[in-house]
Amino acid sequence: MEQSQNRPQGQNRLSDKELMERFLRGEVEGFNLLVRNYKVKLFNLLYRLLGNREEAEDILQETFLRVYRERESYDFNYSFSTWIYTIALNLFKNVYKKRKRVRFTGIDALLNRPDPNSENLGNKNRLNTILEREMFSLPLKYKSVFLLREVDQLSYEEVALALNLPLGTVKSRVNRARRILQKRLRPMMEECYELSKNSPLSIPIL
């Protein structure tokens, strides 16, 4: 169930499993490369789920500590991405259970895009901001599967394993999340499309 995203960009281009094999042989560089490959993706996921940078960073650090300490328990029959996402999501669930509600922090901090040079790019940035906000506001059971599948691009099977859910449940929740977002975003996308339809850059409607 290995995916192309499991091969790091850069030196050696080793798969996650190959890096784990090196790590288990005592080569710490294997662990360091795994951290490099996953730290941004995991942080973005945790930040979107929690809406709090410090908590996301704490869980991220604890996730890699668990990987380091429990490396001998990794099952090579499963992809590394499934294993590390499972660890991170279990830690997230522990934090989430302690909350009375999820706090909302500036969603713009998630976006690292340059200032638009045209009205159309401004509309697209506006849509991106709205999309982030609407993803954040999804019910947790839909948000978690949607982020894993559509943002982190795990397979449906990997999402099911990471969340310990039936495959059919994962697919239905992803579809439900898509429908919710389409319903919420369509009016804004139609408005932006009207503003930009004379521009050489088009904005597709969901």
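Some observations on this one:
- Residue 137 vs. criteria out of contact with any helix residue (DSSP H, G or I) (no Cβ under 8 Å at 6 or more places or on another chain), hydroxyl-bearing (Ser, Thr, Tyr) and at pLDDT 85 or above: yes
- Sole residue being in a helix (DSSP H, G or I), surrounded by 13 or more Cβ atoms within 10 Å (Cβ to Cβ), at pLDDT 75 or above and touching an Asp or Glu at 6+ places or on another chain (Cβ under 7 Å), chosen from 181, 161: 181
- Residue 76 fulfils the conditions (1) modelled with pLDDT of 95 or more; (2) not in a helix (DSSP H, G or I) except for a single criterion, (1).
- Any hit, region 95-105, residues being modelled with pLDDT of 90 or more, surrounded by 17 or more Cβ atoms within 10 Å (Cβ to Cβ), in the same structural domain as residue 24 (by TED's automatic domain parsing) and more than 16 Å from the chain's Cα centre (by Cα): no
The values are calculated or read from the model by the stated rules, or taken from the named source; none is laboratory data. This structure is a prediction, so every number in the text was calculated from the model and none was measured. Backbone-built Cβ (ideal geometry, glycine too); neighbour counts: all protein chains shown.
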